[in-house]
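Peer 1: Once you've had a glance at the structure underneath, I'll fire off some questions.
The values are calculated or read from the model by the stated rules, or taken from the named source; none is laboratory data. These numbers were taken from a predicted model, which means no experiment stands behind them. Neighbour counts are summed over all protein chains in view; Cβ atoms, including those assigned to glycine, are modelled from backbone coordinates with ideal geometry. For the accessible areas, the whole protein counts, side chains as well, though only heavy atoms, and no ligand, DNA or RNA atoms are used. Shrake-Rupley method; radii C 1.70, N 1.55, O 1.52, S 1.80 Å.
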Amino acid sequence: MIAIDQIVRIPLVPLLVAQGLGIRRRVNQLPEPPGARSGTEGQGPTLRLLIIGDSSAAGVGATTQATALSGQLVDQLAQTHRVHWRLEAATSATTRVTLDHIASQMPQRVDVVVSALGVNDVTRATSKTKWVERQTRLADFMANTYGANLMVASGLPPMGNYPKLPQPLRWVLGEQAKRLDRGLANLASTHAILSHLPIDIPFEPRFQAEDGYHPSEEAYALWAKLIAEHIHANLTA
């Protein structure tokens, strides 16, 4: 069944496109931070970690990779494991782009994959059917080619709450994000390695980068802690 927002947005297309272009110009001003995108940290049992995703996975909003998602997640996991890690993420990446990129790389055995994808799928109006199909292909590829035992998929953010998105764009993107997140959660409930992790970070100034769109370093710290706890729980389950 077609949702109300999918019907209502048809006559709003010119306005939504104009608002979307304005937002895209603003949020693309922040660069991906410098710093290591692979390495080995910590002592203990070996944990091979691959982080994939879009600008949030790439750390936009942080000053260095050490204070972005990858650095802070590795710091958390290195408290109990010797972590061999690698980051493969890029601004504007969608699930399809990420899948194509990963498939072009030389496969390396990993234990855990962390993915942060969906916002760009939302802004490109990817249907839930295509989103679930591509996420399925991605999880299957990680299991069958990379040998992953666990893939933690961060839930889509509540884009309908983004304070700096104008209406009606905010409402349209928010409904689409909720729809794709439900599809991801349903997929994770049946897939052998995929685990859906809702990310509930308050929309307070301290958790927002200067563009009002990406996470701040404080938000990355909280996000990394949630993922690390989820990984520990599932590794020992």
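Peer 1: Looking only at segment 141-154, count how many residues are under 23 Å from R206 (Cα atoms) and surrounded by fewer than 20 Cβ atoms within 10 Å (Cβ to Cβ). Give the steps one after another, and end with the answer.
Peer 2: Keep residues of segment 141-154 that are under 23 Å from R206 (Cα atoms), which gives 154.
With the extra rule that they be surrounded by fewer than 20 Cβ atoms within 10 Å (Cβ to Cβ), the set shrinks to none.
Total satisfying the criteria: 0.
Conditions (1) without any contact (Cβ under 8 Å) to a residue 12 or more places away in the chain; (2) open to solvent by less than 10 Å² (accessible area, probe 1.4 Å); (3) in contact with a Cys (Cβ under 8 Å, 6 or more places away or on another chain); (4) within 27 Å of R206 (Cβ to Cβ), marked per residue:
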{"position": "S38", "(1), (2), (3), (4)": "no, no, no, no"}
{"position": "G44", "(1), (2), (3), (4)": "no, no, no, no"}
{"position": "L49", "(1), (2), (3), (4)": "no, yes, no, no"}
{"position": "A58", "(1), (2), (3), (4)": "no, yes, no, yes"}
{"position": "T64", "(1), (2), (3), (4)": "no, no, no, yes"}
{"position": "A68", "(1), (2), (3), (4)": "no, yes, no, yes"}
{"position": "D75", "(1), (2), (3), (4)": "no, no, no, yes"}
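Peer 1: Scan segment 207-234 and report the pairs whose first residue is at positive phi and whose second residue is part of a helix (DSSP H, G or I), with Cβ atoms within less than 9 Å and a gap of 6+ or a chain change.
Peer 2: G212/R26; G212/V27; G212/P205
Peer 1: Oh, and also: Counting only residues that are at pLDDT 95 or above, among the polar types (S, T, N, Q) and either assigned to a helix (DSSP H, G or I) or at positive phi (or both), how many does segment 73-98 have?
Peer 2: 3
Residues are listed down the side, and each one gets a yes or a no for (1) modelled with pLDDT of 65 or more; (2) assigned to a helix (DSSP H, G or I); (3) surrounded by fewer than 15 Cβ atoms within 10 Å (Cβ to Cβ):
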site: P14; (1), (2), (3): no, yes, yes
site: I23; (1), (2), (3): yes, yes, no
site: G35; (1), (2), (3): yes, no, no
site: I52; (1), (2), (3): yes, no, no
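Peer 1: Also: If I ask for residues that are part of a helix (DSSP H, G or I) and either of a type in the set (S, T, N, Q) or surrounded by 18 or more Cβ atoms within 10 Å (Cβ to Cβ) (or both), which ones from segment 184-206 would you list? Walk me through it before giving the result.
Peer 2: Of segment 184-206, the ones part of a helix (DSSP H, G or I) are 184-188, 205-206.
The answer is L184, N186, L187, A188.
Peer 1: Starting from residues that are at pLDDT below 95 and assigned to a loop (DSSP other than H, G, I, E, B), keep the ones in segment 127-166 and report whichever is farthest from the chain's Cα centre (by Cα).
Peer 2: P166
Peer 1: Restrict the check to segment 110-120 and report whether at least one residue is assigned to a helix (DSSP H, G or I), among the hydrophobic types (A, V, I, L, M, F, W, C) and within 26 Å of L169 (Cβ to Cβ). Explain how you work it out, then say what you get.
Peer 2: Looking only at segment 110-120, we keep the residues that are assigned to a helix (DSSP H, G or I), and these are 119-120.
Pick out the ones that are also among the hydrophobic types (A, V, I, L, M, F, W, C) and you get 119.
From what is left, the residues that are within 26 Å of L169 (Cβ to Cβ) are 119.
Yes - at least one qualifying residue is present in segment 110-120.
Peer 1: Additional query: Which residues, counting only those in segment 103-137, are among the hydrophobic types (A, V, I, L, M, F, W, C), without any contact (Cβ under 8 Å) to a residue 60 or more places away in the chain and surrounded by 19 or more Cβ atoms within 10 Å (Cβ to Cβ)? First the steps, then the outcome.
Peer 2: Our first condition is that a residue be among the hydrophobic types (A, V, I, L, M, F, W, C); within segment 103-137, this holds for 103, 106, 110, 112-114, 116-117, 119, 122, 125, 131-132.
Next, from what is left, pick out any that are without any contact (Cβ under 8 Å) to a residue 60 or more places away in the chain: 103, 106, 122, 125, 131-132.
The answer is V122, W131.
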